[in-house]
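J.: Dumping the structure here so I can ask a few things about it.
Read-outs: derived from the displayed coordinates by stated rules, not from any lab. From a predicted model like this one, the values you see are computed outputs, not experimental measurements. Glycine also receives a Cβ, built like all others from the backbone with ideal geometry; neighbour counts cover every protein chain displayed.
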Amino acid sequence: MYKNVLLNKKSQIDYWSPMTEKQHIGINLFQLAVLLDVDEKLFYNFVINHSVYCVKCRGIASKGIEVEEIYLTERNDIRVQGRCRICNGSVGRLFAFGEKKEFDEKAYRLRKSIGPPQLHAQ
Ligand SMILES: [Zn+2]
């Protein structure tokens with residue numbers, strides 16, 4: 001399944017475990033949808049559209065933000081990077097979902113399904 005990885009990076013596989021090696025990884029919208037339950041999705045959408053602080057606007061990005069990158073952090077929180085829809089300034093927001101046991105478990109399963117981190121991937 002991870003043939004290329006195994007061939008090129010065997011030494012990294014040997015000690016890697018999704019339980020101990022929680023890295024900051026990029027995820028896509030589909031993976032985000034798998035992680036969030038109904039309430040978390042509502043909360044996420046509300047924050048994206050109404051509650052992200054924009055440094056350039058010196059206030060809430062009142063037209064919401066365009067999400068460009070989504071990360072699952074070391075603590076199993078979600079970090080979003082994007083652009084303010086008003087000024088196009090760079091904005092970011094952390095969602096502390098990792099504190100919730102259910103989310104933490106789903107994040108663990110996602111990490112396991114993705115497999116070992118590609119250390120050279122950007
Ligand atoms: Zn702005």
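J.: What nm value, rounded to one decimal, do you get for the distance between E102 and C87 when each label is placed 7 Å out toward the C-beta?
T.: 3.8
J.: Ranked highest first by the average count of other Cβ atoms within 10 Å around their residues, in what order do 23-29, 92-98 fall?
T.: On the way: 23-29: 13.6, 92-98: 16.9.
Per-residue mean Cβ counts within 10 Å order the peptides as 92-98, 23-29.
J.: Could you compute how fast the stretch 19-114 diffuses translationally, taking Rh as the Kirkwood radius over C-alpha pairs and applying Stokes-Einstein at 25 °C with viscosity 0.890 mPa s? Give it in µm² per second.
T.: On the way: Rh = 13.7 Å.
Reported coefficient: 179 µm²/s.
J.: Select from the stretch 50-102 those GluC sites (Glu not before Pro) which occupy a DSSP coil region and have at most 13 other Cβ atoms within 10 Å, ordered by residue number. Don't jump to the answer; show the numbers that get you there.
T.: Details: sites: E66, E68, E69, E74, E99, E102; in loops: E74.
Loop-located and lightly packed - E74.
J.: Want the number for A33 to R58: 0.36 nm per residue separation, take away the alpha-carbon distance, what's left? Don't skip to the end; give the middle numbers.
T.: Details: separation 25, 0.36 × 25 = 9.00 nm, distance 3.03 nm.
Result for the pair: 6.0 nm of gain on full extension.
J.: How many Lys pairs in the stretch 19-114 lie less than 15 angstrom apart by Cα atoms, where the lysines are 8 or more positions apart or on different chains? Write down the numbers at each step before the final one.
T.: Working: K22/K106; K22/K112; K41/K100; K41/K106.
Close lysine pairs under the 15 Å cut-off: 4.
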